[in-house]
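Scroll down for the structure; my scribbles are underneath it.
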Amino acid sequence: MSGLVNTRKTFNQRYGSFEARVCLPDGNGDGKVDGFPAWWTNGPSSVPWPDHGEIDILEGIGGGTKASLHYVDPVYHGGTYSPTPLAGCHNFGSQWTSSGVTFYYDGKPMWSHAFAGTLSQFLIFNYAVRQHTGEAITPGTAVRVDWVRVWA
């Protein structure tokens, strides 16, 4: 099973800071993130992907975590993996300005990159099941979101 919540019809913002305390599952106790949890922003569906931009503040991929950007003009699809798996509870955030996006883990800047996206973004949290991530989903595992903060 997979699950998703978003603010598509209730909240959108252009630029600002986006932060959430997310508890990532490690159901089998190996220190790696289970499944494919994600915390991200996305642009309006009236504009095709990736033209509207996408800011992936957190992606649990292959047992670790990654932050990435997707957009065109100029074309960019890329990101940075965390140096160690971040299973457990952590603060994941980004600061988006007209010049780019800086990603933060537990209040520490991880990396920055220019971002050409100029359209308002809505918030998305999801926990997807993907067998090819390298991590099994242990029954009863879940992603917990303690809080979300967004400010201009």
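The values are calculated or read from the model by the stated rules, or taken from the named source; none is laboratory data. The shown structure was predicted, so the numbers you read here are calculated from the model rather than taken from an experiment. Don't worry about glycine lacking a Cβ; one is built from the backbone with ideal geometry, like all the others, and counts go over all protein chains shown. The protein model used for the area step is the full one, side chains on, heavy atoms only, and it has no ligands, DNA or RNA in it. Shrake-Rupley method; radii C 1.70, N 1.55, O 1.52, S 1.80 Å.
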Practice problem: Would you kindly find the accessible area of Asp106, with a 1.4 Å probe and non-protein molecules such as ligands, DNA and RNA excluded, rounding to the nearest 10 Å²? | Solution: 70
Self-check item: Length-normalised contact order for the range 8-152 - Cα pairs under 8 Å, 6+ apart - percent
Solution: 37
Quiz item: Under a 1.4 Å probe, what is the accessible area of the chain per residue, stated in Å²?
Solution: 49
Self-check item: Cα principal axis extents for the range 1-130, largest first, Å
Solution: 41, 30, 23
Exercise. With a 1.4 Å probe and every protein chain kept in, tell me what percent of the accessible surface of the chain is carbon plus sulfur.
Key: 55
Quiz prompt | Where labels lie 7 Å past Cα in the beta-carbon direction, separation of Thr80 and Asp51 in nm | solution = 3.1
Exercise. Based on a Kirkwood Rh over C-alpha pairs, give the Stokes-Einstein translational diffusion coefficient of the range 71-122 at 4 °C and viscosity 1.567 mPa s in µm²/s.
Key: 104
Quiz item: Expressed in nm to one decimal, what extension gain is obtained for the pair Asn6 and Arg149 from 0.36 nm per residue of sequence separation less their Cα-Cα distance?
Solution: 50.1 nm
Quiz prompt | Positive-end residue, the range 17-150 charge dipole about Cα centroid, Cβ charges, pick of Ile57, Val22, Tyr76 | solution = Val22
Quiz prompt | Solvent-accessible ranking of His70, His113, His77, largest area first, probe 1.4 Å | solution = His77, His113, His70
